[in-house]
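Only one structure is covered here, and it is reproduced in the block below.
No lab work stands behind these numbers, since they all come straight from the coordinates. Treat the numbers as computed from the prediction; the structure is a model and nothing was measured. Ideal geometry is used to build each Cβ from the backbone, glycine not excepted, and the neighbour counts take in all protein chains shown.
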There are 2 protein chains.
Amino acid sequence: MGQLVRVQNFNVSRDGFGTGEGQSLERPFGHADPATMFSWSGATAHAPMRTEPGGTYGLDDYFTRDFARNIGAEIMGRNKFGPQRGPWRDLDWEGWWGEEPPFRTPVFVLTHHPRPSIVRGQTTFHFVDASPADALARAMEAADGKDVRIGGGVTTVREFLDADLIDTMHVAVAPVDLERGVRLWESPDELLDRFHLERVPSPSGVVHHIFWRR
Amino acid sequence: MGQLVRVQNFNVSRDGFGTGEGQSLERPFGHADPATMFSWSGATAHAPMRTEPGGTYGLDDYFTRDFARNIGAEIMGRNKFGPQRGPWRDLDWEGWWGEEPPFRTPVFVLTHHPRPSIVRGQTTFHFVDASPADALARAMEAADGKDVRIGGGVTTVREFLDADLIDTMHVAVAPVDLERGVRLWESPDELLDRFHLERVPSPSGVVHHIFWRR
């Protein structure tokens with residue numbers, strides 16, 4: 001099948017926003033309520049951040065258990081690593097992912113301000129000032145034959161979509177309107193010229209949108 | 001999460017039959033048409049029997065790509081291995097799974113007529129005359145911490161359900177009525193006292209039924 005470039009478990013509101021307005025250290029998603037956006041995932045047995053036993057094994061769990069399957073590297077935008085903008089003012093603050101980030105692979109953080117790599121648990125963060133295509137070439141090599149996940153945020157997913165570098169994409173559309181913030185799309189139909197799309201409603205309230213290249 | 005006992009990608013007709021009438025070497029599912037029952041799976045990128053590139057990445061593929069995830073052993077009934085009944089008349093005929101069976105783990109074949117184990121590709125078939133609970137204990141040990149798949153046929157799945165040994169179960173209900181054969185259920189609702197159930201219709205026409213223990 002070759003190496004795929006995959007977006008996994010990406011969350012947007014019904015009106016197409018991936019992040020609300022006013023991102024900060026305390027509010028990584030701005031005015032968006034993370035509970036509303038992500039609770040479908042957190043309830044499942046295989047939620048990437050789950051630390052206790054339990055959870056559901058229904059449809060939503062098929063998506064969370066696919067999050068790490070055959071992934072060898074992730075690419076994320078700087079905002080997904082942390083809320084700082086411009087030159088790093090505080091190298092001691094090492095992102096909001098804690099001692100055991102849920103990625104467990106090399107992660108390439110896109111930034112115009114490179115800094116030394118950081119190892120946390122099974123994850124290593126590399127900071128690269130590169131185009132999507134060049135960052136992807138590095139991630140593909142690091143993934144060692146496995147797939148590369150484009151981890152977001154929404155600006156990063158858009159950049160990779162615009163460069164036509166995405167092979168498969170799973171987006172969970174939450175039953176909430178944000179009205180402002182950073183948009184992934186006006187409508188998922190915008191992508192139909194390049195992708196197959198299946199919409200699968202879940203009992204949890206989200207509608208899973210599954211895209212794969214035509 | 002501990003070791004789970006899972007039924008994966010098991011197929012029944014809308015009226016609850018897993019196998020038609022008149023199983024034979026030429027017709028492993030009797031009068032049931034395998035194309036109608038299994039085409040949803042064969043069309044996907046991760047179909048266990050796929051040998052060529054291609055295939056779909058939609059909802060159905062989440063189920064086929066879950067088939068082997070974290071599975072360390074399978075238990076199957078003798079009829080899934082081959083159509084012979086009673087004492088083995090022909091030890092040279094080694095089942096209908098070919099040179100590279102899609103299991104790629106130890107497989108325990110339930111039979112009242114044990115015979116020497118068979119290695120084919122990455123799969124080893126062991127033949128055991130044991131109760132469901134005893135066969136499961138052997139499979140759990142062989143799975144080395146991973147889960148055990150109950151592979152069918154329908155009589156074997158029923159025996160494990162009746163012994164209350166199943167933790168999760170995925171059944172794809174095909175849009176066809178068989179009217180006779182071997183039944184899994186009159187209705188999936190029979191299992192609601194012990195299992196959660198989500199019904200997820202797929203664009204392919206099957207309705208995925210996902211069960212997990214209450």
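Odds and ends about this structure:
- A simple packing score, the average count of other Cβ atoms within 10 Å per residue, orders the peptides B:189-196, B:137-144, B:17-24 as B:17-24, B:137-144, B:189-196, with the highest score first.
- Between identical copies, the spacing of B:Arg14 label points, each set 7 Å from Cα toward the C-beta atom, reads 3.2 nm from nearest to farthest.
- Shortest-first distances to equivalent copies, position A:His196, nm, label 7 Å out along Cβ: 2.8
- Packing rank of A:82-94, B:105-117, where each peptide gets the mean count of other beta carbons within 10 Å, highest leading: B:105-117, A:82-94
- Only helices reaching 30 angstrom along their own axis (Cα) with mean Kyte-Doolittle hydropathy no lower than -0.5 count here, and not one DSSP H run of chain A does.
- Cα-based shape type of the stretch A:1-59, given that a ≥ b ≥ c are square roots of the gyration tensor eigenvalues and the cut on a/c is 1.5: oblate
- Shielding by partners - mean other protein chain Cβ count within 10 Å, residues of A:57-64: 6
- Rel. contact order, % - alpha carbon contacts under 8 angstrom, at least six apart, chain B: 31
- Over the protein assembly as shown, dividing the summed -39,500 (n - 2.57) contributions of all DSSP H runs of at least 4 residues by the number of residues returns a 222 nm mean residue ellipticity of -5000 deg cm²/dmol.
- Part-to-part distance (alpha-carbon centres) for the stretch B:116-139 and the stretch B:4-49, which is given in Å: 22
- Neighbour net charge for B:Gly152 - beta-carbon separation under 11 angstrom, K R +1, D E -1: +1
- Label-point spacing for A:Gly54 across the identical copies (point 7 Å from Cα in the Cβ direction), in nm and ascending order: 4.7.
- Label point at B:Ser117 placed 7 Å out along Cα→Cβ; residues across the stretch B:132-161 whose backbone nitrogen lies under 16 Å: B:135-145
- Here the calculated FRET efficiency for A:Asp92 and A:Ala133, from their Cβ-Cβ distance with R0 = 35 Å, stands at 0.60, rounded to the nearest 0.05.
- Share, in percent, of DSSP beta bridges within chain B that are antiparallel, nearest 5: 45
- Average beta-carbon neighbours from other chains, 10 Å sphere, peptide B:195-208: 3
- Minimum Cβ-to-axis distance in chain B for the rotation onto chain A, with residue, whole Å: B:Tyr62, 2
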